[in-house]
Amino acid sequence: MGVFAIVKILFVSFSAPVATLAVMDKDGTARRSIAATLAAVLTLSQANVVFPLAAVGLDLGMMMLTSVIGGLVAASATYYWFARQPVWQDGNQEDQSVEAARKTPKSIMQIMSDGGQEGIKIVISSIPLLILAILLVNVLKLTGAIEGITWLLSPYWNYWHCRKPPCCQS
C-alpha cells in the first residue's frame, strides 16, 4: 500500500496519498509501516508542483530521481531507526486490531473501492479550503501585496543573481 501512496504523490497530487494512508490505518497496518509511508510521502515532490514547473524548465527526470531517493531514505530511516520501539510494532489499538481480525480479508477491488471513496470524501472536504485559498490569492493581487513583496525581495534576487518570477518581470 505504501507504494501506491508514493505513486499517487509523484503522479497525481499532494492530497492523493491521504486516502491510501486512511485505508492502511483502517486495515490494521502496523504503525511503523504507516509512519514510514508518511515519511516517504512528506519527502517526495508533489506532482501538482513539479509538472507545472517542468513547463518553465525544471528537469523532470532529475527531480523524480532525487525525490524517489529522498523518499526511500526517509522511509528507511523512519522504519529502521525512528520507529524501533515496541509500541510501533503493533497495529493501531487493541480494539481496532481485534476488529480487523474479525473481518474477512478484502479483495484488491474492495481495497481500491475503499480508497476511491476516501479520496472523494477528501476532495469534497477540501473544496472550502481551495475556495478560500483562491480568494486570498486574488485579494493579495488586487491589493498589490504580491508586487510589494517582490519589491522588498528584489535586492536579494539581484544579489543571488536569481531571475524574477514571470509575474514580476517588466
Practice task
Along Cα→Cβ, 7 Å out, is where each label goes; now give me the distance between the ones at Ile69 and Phe14 in nm to one decimal.
Solution key: 2.4 nm
Practice task
Express in nm, to one decimal, how much length is gained between Ile124 and Met62 on full extension, taking 0.36 nm for each residue of separation and deducting their alpha carbon distance.
Solution key: 19.0 nm
Exercise for the section: Mind giving me the FRET efficiency for Ala35 and Val3? R0 is 25 Å, r the Cβ-Cβ distance, nearest 0.05 is fine. Expected result: 0.95
Handout entry: Cα gyration tensor shape of region 40-89, rounded if a/c is under 1.5, else prolate or oblate by comparing a/b with b/c
Key = prolate
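Quick note: the coordinates plus some simple rules give every number you see, no bench work behind them. This is a predicted model, so every value here is computed, not measured. No Cβ is skipped: glycine too gets one built from the backbone with ideal geometry, and neighbour counts run over all protein chains shown.
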